[in-house]
Amino acid sequence: MTRRIKAISFDGDMTLWDFNKVMRHSLSLTLGELHRKVPGISDSGLTVDRMIEIRNTVAKALKGKVLNLEEIRFHAFKQTLVSVDWPDDALAAELNAFYLKHRFEDIELYPDVIPALDLLGRDFTLGLLSNGNGYPDQCGLPGRFRFVVFSQDIGVEKPGEEIFLATCKLAGCDPDELMHIGDSLESDVAGANGIGAVSVWLNRDGKINDSGIDPDHEVSLLTEVPSLLH
Ligand SMILES: [Mg+2]
């Protein structure tokens, strides 16, 4: 490594925690809550997969209009209730609050996260840079990050240059003094490469990279990162 790294930004979903797992778990609990509140809905055939489909359709329709992910999730619950012929905005708001509580409180960090942050936090300014809404304080990481950047606040998602430059500003470093680590070649690695930061691809599952996007480094665990820096 020739460049001197001052700050390290981490992606959240699928890098620090398994978002898909906590999302499905929380939707399943919310579906149970819906069955409890409106017993007749049990016959509607509503499933977690269907709820995910509805959420994705709603998110696509709201793209550019609504950036806040909690708000998008609320609209998705509204639409879910419409889909089972039970339109009820107050119930949608209740389900959304129930979902969000579990979505944050039931999150599980990957086992390498705390050991890696312990090691890296001694020498580097650490932060979160996420297109999601995993607030560190609610996700088992209070006080771990000196800067937190969410695309829903900046108005631009990774790999956009603006969000990476905003990260450097908050981290107090130049682009080539930032290392960014994430599981997505398209969002994390391409975005970091785009501003001349050091990109690290976290490839937990040993995927083949046929994207044409080349990371500066590839690791399978976050605990491999300190050895890249010494
Ligand atoms: Mg990710």
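Points worth noting:
- Single condition Ile72 does not satisfy, out of (1) more than 16 Å from the ligand (Cβ to nearest atom); (2) within 19 Å of the chain's Cα centre (by Cα); (3) free of Cβ contacts under 8 Å to residues at least 12 places away in the same chain: (3)
Condition check ((1) outside any loop (DSSP other than H, G, I, E, B); (2) within 16 Å of the ligand (Cβ to nearest atom); (3) in contact (Cβ under 8 Å) with a residue 40 or more places away in the chain) across all residues:
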| site | (1), (2), (3) |
| --- | --- |
| Ile163 | yes, yes, no |
| Leu170 | yes, no, yes |
| Cys173 | no, no, yes |
| Gly191 | yes, yes, no |
| Asp214 | no, no, no |
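- Within segment 80-135, if we keep just the residues that are surrounded by fewer than 18 Cβ atoms within 10 Å (Cβ to Cβ), assigned to a loop (DSSP other than H, G, I, E, B) and of a type in the set (A, V, I, L, M, F, W, C), the residue that is farthest from the ligand (Cβ to nearest atom) turns out to be Trp86.
- Total residues in segment 136-152, condition in a loop (DSSP other than H, G, I, E, B) and either more than 15 Å from the ligand (Cβ to nearest atom) or at pLDDT 95 or above (or both): 7
The values are calculated or read from the model by the stated rules, or taken from the named source; none is laboratory data. On a predicted model such as this, the values are computed, not experimentally measured, just so you know. Ideal geometry is used to build each Cβ from the backbone, glycine not excepted, and the neighbour counts take in all protein chains shown.
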